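Asker: Shown below is the structure under consideration.
The values are calculated or read from the model by the stated rules, or taken from the named source; none is laboratory data. Source: prediction; values computed, not measured. FYI the Cβ positions are ideal-geometry reconstructions off the backbone, even for glycines, and counts take in every protein chain you see.
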Amino acid sequence: MRISDWSSDVCSSDLDMKTNEFEQVIGEAVPGVTPGGLPTAASIERRYTRLEKLNESHKEALYAVYGPDTPAQMWTYLAGSSVANEVEWDNLFERLLRDSSKFYYVILDKNTQKALGTFALMRLDTANRVVEIGSVTYLPELQRTRMATEAQYLMARYVFEEMGYRRYEWKCDALNEPWKRAAKRLGFTYEGRFRQAVVYKGRTRDTDWYSMIDQEWPKRKERFEKWLLPENFNEEGVQYHSLSQQSL
């Protein structure tokens, strides 16, 4: 079909798309694209939060994040579960440390240096410069705080500005309403549902996919930084204006 034969309901933006010698619509050229690298940053920090690449020094502090005193509901939508004792933690920590498919970062309160959670850059597709943020494990005291938001901001900024990746993914159980709301709040775009994508903990999981791309990042960055300004919080750290109120 020739472009001139298309029906009048085709939007003007589609008509502006590039075509090849066969008059087939094709994607925008990406000149000079090269494979991306792996995460190498030892630490990243800002006002409230410090991220440190997982290493042996974190073992003792992270027992509080993965140990038996963590609330059971914290683990419902995670692939793993809390450890029952220090022996189990020894084994799990070694697996986290040696896992070559995931690059774990520890989330610390910058003021107290207390470890409050971890997440990982994973499923790295270096050829296409695509990476996922996953294995997000937050203690309750980190959840719904400016530190949690700043941690996500710091990692997104690192992915787009330092690693030069083009696509940043977020995936979660389709029944995990808090994480779906978090994805939308942080500026990820919902892309669809992969039905019966995973079996974990003896049950099926439909997986919802979200993404952010490099062209969107400048606006997302501006939105994050405006929300994270100190004047947006009272002395107890409670926000005056929500991130969701900031336009995308």
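Asker: Among the residues of the stretch 113-141, count how many are in contact with a Ser or Thr (Cβ under 6 Å, 6 or more places away or on another chain) and among the aliphatic types (A, V, I, L, M).
Answerer: Final tally of qualifying residues: 1.
Asker: Now for a different question. Sort through ALA115, ALA127, ALA148 and tell me the only one that's within 19 Å of LEU96 (Cα to Cα) and at pLDDT 95 or above. Let's see the steps before the verdict.
Answerer: On the way: ALA127 fails: within 19 Å of LEU96 (Cα to Cα); ALA148 fails: within 19 Å of LEU96 (Cα to Cα).
Residue meeting the stated conditions: ALA115.
Asker: Next question. Listed residues GLU161, GLU169; which is free of Cβ contacts under 8 Å to residues at least 60 places away in the same chain, farther than 21 Å from LEU116 by Cα and not in a strand (DSSP E or B)?
Answerer: GLU161
Asker: Among the strands (runs of 3 or more DSSP E) confined wholly to the stretch 23-136, which include 2 or more residues that are within 23 Å of the chain's Cα centre (by Cα) and free of Cβ contacts under 8 Å to residues at least 24 places away in the same chain?
Answerer: Those strands (runs of 3 or more DSSP E) span 115-125.
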